[in-house]
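Comments concern the structure below.
The values are calculated or read from the model by the stated rules, or taken from the named source; none is laboratory data. All of these numbers come straight from a predicted model, not from anything done at the bench. Don't worry about glycine lacking a Cβ; one is built from the backbone with ideal geometry, like all the others, and counts go over all protein chains shown. The accessibility values were calculated without ligands, DNA or RNA, using every heavy atom of the protein model including side chains. Shrake-Rupley method; radii C 1.70, N 1.55, O 1.52, S 1.80 Å.
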Amino acid sequence: MVTTVQSNIRFQDIYAELQRADQPQWLSSLRRSGLETFESQGIPDRKHEEYKYTNLQDLTTFPFVLARPKINVQASALDRWVPEDAACFVFVDGFFSPALSRYADMAEHIEFCALSDELLKPGVLKQVFKPVQPSDDVFDLLNTALFQDGVVLKIKDHAEIESEIHIVNLSSGQPDILISPRHWISIGQCTEVSLVQTSASLDDQAVWTNARTEIQVAQNSQVRYTQIQADNLAAYHIHNTHMQAARDSQIECFTLTTGGRVVRNNFSAALDGPGIDMTLNCLSTVRGHQHVDHHTVVDHRAPHCMSSQLYKNILADKGRTVFNGKIFVRQAAQQTNAYQLNRNLLLSGQAEADTKPQLEIFADDVRCTHGATVGPIDDAELFYLQSRGMTRDQAISLMSHGFAEDVLATVSDDDMRNHMRTLLVDFFDAIEGK
């Protein structure tokens, strides 16, 4: 039996605040089912196999409460995150902000609504919500019970959208709040689009973001999907991302994690048709007492598909990372190529990386490999750089840059790659002692 962590968070009170007399009965039942199933399982402790290396005890010590709408956020808060010419859907403390959002130029290519505006339109909502299953991740269940707002975005067939579409979640500074965004995105067939999802903090208050994103990719589409997690170092961030891809789609996913006290990313991808080519790469930097946990599942269900994963972590101080990557190759998925690699660079003797790449193969005509490395910078290489006039911290920073560039080079968009380099400056300055 799985034991659970006792919590100071009053989930029943938060749930009661969200009840609306005018919401459809099926949605009320779904929320209640999500909460009851969540409470029957509880927040997992480290005896739970999927959370063996991630201690959520600190999370439960905060008396998190429901976020309130906040309107006094300046448009300049977006300057660091969204280019001027890009469309964006902005959420502040979990609530959609029409004043900060801009998407009029996309009108011919998309259909958009905020989830909170659609609570009386079951035709839309029933696409976004599925019946609760006991096998669902416990934080998915909690999101179903406590969601407040999110994106419902349909990108039309044959759309070629040159500029990026950004979904930005900002925490404004309300202390000890629980934010539960829920995003549903449908990408039409023969469509080319770049999506960027950013979570960022405007101050250093503790906040818990418990997000769910579902993305459906139709056939023959080309999709770039980027997650940027740059919350403050007191924030908790849990994100369940579910992607379903149809035949002959090409998908490039990248996650950059630089912030958060405790971060847990669950990313699952179902390859449902032949001819799919997916890359799923990530770079995480941790320092202080940060803890970042990435769990991935790539499910090959059809033949002639390819998936490639490269997850790299740079760890300083007492930082800790976890990687658990699973690749499933179903019996029907012959001619599958699947690759998975996790590399961890330890800059401190007190840093810790736990890694567990996994393959489960039920087909016999496949090519699958996986691997992992954990280790410090080579002393001989450090000595060489120091002999050329660098300080030890400068040498460590330079070699860490090189380690990061290997995975950043897989980002096909030059502007996005440079944006990520900018977001990494604080980390590299810190390890140089600046």
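Of note:
- Count of residues meeting criterion [assigned to a loop (DSSP other than H, G, I, E, B), among the aliphatic types (A, V, I, L, M) and within 14 Å of Tyr236 (Cα to Cα)] in the stretch 56-89: 1
- Failed condition for Tyr53, given (1) surrounded by 12 or more Cβ atoms within 10 Å (Cβ to Cβ); (2) of a type outside the set (S, T, N, Q); (3) assigned to a helix (DSSP H, G or I): (3)
- Taking the stretch 289-311 as the range and being in contact with a helix residue (DSSP H, G or I) (Cβ under 9 Å, 6 or more places away or on another chain) and among the acidic types (Asp, Glu) as the test, only Asp293 passes.
- Helices (runs of 4 or more DSSP H) wholly inside the stretch 357-434 that include at least 1 residues being open to solvent by less than 70 Å² (accessible area, probe 1.4 Å) and within 28 Å of Leu195 (Cβ to Cβ): 392-408, 414-423, 425-431
- Unique residue being touching a residue at least 24 places away in the same chain (Cβ under 8 Å), in contact with a Gly (Cβ under 6 Å, 6 or more places away or on another chain) and among the hydrophobic types (A, V, I, L, M, F, W, C) when the list is Leu424, Leu341, Leu408: Leu341
- Screening the stretch 113-203 for strands (runs of 3 or more DSSP E) wholly inside it with 3 or more residues that are free of Cβ contacts under 8 Å to residues at least 60 places away in the same chain returns the ranges 151-155, 182-187, 192-201.
- Looking only at the stretch 62-114, and only at residues there that are surrounded by 13 or more Cβ atoms within 10 Å (Cβ to Cβ) and hydroxyl-bearing (Ser, Thr, Tyr), the one that is farthest from Ile155 (Cα to Cα): Ser97
- Members of the stretch 313-336 found to be touching a helix residue (DSSP H, G or I) at 6+ places or on another chain (Cβ under 9 Å) and either open to solvent by 10 Å² or more (accessible area, probe 1.4 Å) or not in a strand (DSSP E or B) (or both), listed by number: Ala316, Asp317, Asn324
- Residue ID - nearest to Met416 (Cα to Cα), chosen from residues in the stretch 210-238 that are outside any strand (DSSP E or B) and not polar (S, T, N, Q): Asp231
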